[in-house]
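The values are calculated or read from the model by the stated rules, or taken from the named source; none is laboratory data. Remember, it's a predicted structure, so these values are computed and weren't measured experimentally. Note: ideal-geometry Cβ built from the backbone for every residue, glycine included; neighbour counts use all protein chains shown.
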Amino acid sequence: MVFSYYFSSSGGDVPVDEATLARPFMVAPFERHSFMTLGDFFSAIRDFILSTEGQPLVALLSRSCNRPVSMEEIGTIIIRYEKYGTLYQIASAEIPVNGSRAKFAVSTAVSPFAQKTLDREFKLIGELNHRTSPPYLPQAYHIATIRVKQKEQTATLMMALSEWFDDYHEWHFSSDDEEGDRIVIWDMGGGNRFASESESYEIIRQASRILTLYYDGGTYCRVAPWHHGGGDFVVRIETEGVTIKLVTARGYDPLASLSTQNKINPYNALLLFFLELTLKMRLDKLEGMGETTWAGASVVKAAYHGFMQALKIKEEQGEWGDVQVENFAALLLSLRRDEIEKLIRSHLDEYVFHDTSDYRVVMNHLERHAADLCAVIEGLSFTDA
């Protein structure tokens, strides 16, 4: 069995040579691991994929190929280092089998905090996929710890194997002031490009719809935290249209302020979720890692439409209990701009998780955002600012 190692880039695969494998393993953009090399990292992924004598891998390949697959059929495994994020290193494993091809995602957590988070995410994704049909999250297949030893030093890594969303790409709002409202699709195969106006609308509408479909009207739990800066939503654009997926679920809880209340008004809880959703849809990070950026008001319209569409779907499925979409729409129409601004301000610490960059940007735009939201709710035209 031959393993090939690559870096994924917008210009295509970059082969990893022996000299590169000897370089220090970077756990963050400017932070080296205490002893691990890049070669140790790739070898750990190899060991993880082949763990338990390759039984999890063979089972997945058999499912993917719709027939029994044996280890003897696997001649090559291609491992690509896709990206590093704030918590995990993301790689992919591509395996050709007799003319077909299977590809999986491998998430690696290095720090104890990241490992605890990855373990929780792995279990939560399985639960949410079981409850929601069709699932918008990846299938979670296998999780294990791998030990890396070098001389007398040992590092423990946690790795999770999950579904790879093929031909889906990370995206972000443009960092160019003149193009700040436009979405840039990070296509590692075809090169980065701007999404069209209609594609951008669909990306936000579907992202908002997905989060609302996962909102639990009985427990008030919602997928959180999430952030465009983390690349939490990915997009595939084909001639048939735009499709969005959510790559992870880091948590599933109600707002902390709701947890302390003895009796919760379901309309008020849904309103707080709506305000959080439409606010955070405008927040991104420069190049996915830097300072907070703020998207234009067209995002609010798309987010509102996705939210309302999901509400109607859940109402048709009988998931709201005593809550009626018509009554909630009337509640939204009754809100004044200053009331919306006050509600957001009182819950802002929860909405942005004490991210000082997010907090500062929201405060600079809050009055205008409340006006934009009112305009969308009332069906009025507005001036983007």
Which one is nearest to the chain's Cα centre (by Cα), of the residues in segment 194-219 that are of a type in the set (F, W, Y) and modelled with pLDDT of 95 or more?
-> Y214
Just to be sure, is A102 buried (at least 18 other Cβ atoms within 10 Å of the Cβ), in contact with a strand residue (DSSP E or B) (Cβ under 8 Å, 6 or more places away or on another chain) and assigned to a strand (DSSP E or B)?
-> yes
Please find, within segment 280-305, the residue that is surrounded by the most Cβ atoms within 10 Å (Cβ to Cβ) out of those that are over 17 Å from the mean Cα position of the chain (by Cα) and part of a helix (DSSP H, G or I).
-> V299
Can you name every residue in segment 130-174 that is over 17 Å from the mean Cα position of the chain (by Cα), charged (D, E, K, R) and within 30 Å of M36 (Cβ to Cβ)?
-> R147, K149, K151, E152
When restricted to I95, I45, the only residue farther than 18 Å from G231 by Cβ and free of Cβ contacts under 8 Å to residues at least 40 places away in the same chain is I95
Restricting segment 48-59 to residues that are in a helix (DSSP H, G or I) and not aliphatic (A, V, I, L, M), the residue that is modelled with the highest pLDDT | F48
Subset of segment 120-140, residues touching a Lys or Arg at 6+ places or on another chain (Cβ under 9 Å) and among the hydroxyl-bearing types (S, T, Y), comes to Y136
Looking only at segment 77-99, which residues are in a strand (DSSP E or B) and touching a helix residue (DSSP H, G or I) at 6+ places or on another chain (Cβ under 8 Å)?
-> I77, I79, Y81, Y88, Q89, A91, A93, I95, V97
Taking the stated definitions as given, is E121 in contact with a strand residue (DSSP E or B) (Cβ under 9 Å, 6 or more places away or on another chain), outside the structural domain of V223 (by the TED database) and over 24 Å from F3 (Cα atoms)?
-> yes
Tell me, please, whether a residue that is farther than 21 Å from Y168 by Cβ, modelled with pLDDT of 90 or more and in the same structural domain as D17 (by the TED database) can be found in segment 80-88.
-> no
Within segment 110-127, is even one residue assigned to a helix (DSSP H, G or I), free of Cβ contacts under 8 Å to residues at least 24 places away in the same chain and either of a type in the set (G, A, S) or surrounded by 18 or more Cβ atoms within 10 Å (Cβ to Cβ) (or both)?
-> yes
Would you mention how many residues in segment 9-47 are at pLDDT below 90 and small (G, A, S)?
-> 5
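To keep it simple, each residue is scored yes or no on (1) part of a helix (DSSP H, G or I); (2) crowded, with 16+ Cβ neighbours inside 10 Å.
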position	(1), (2)
F307	yes, yes
E319	no, no
D338	yes, no
R345	yes, no
V361	yes, yes
R368	yes, yes
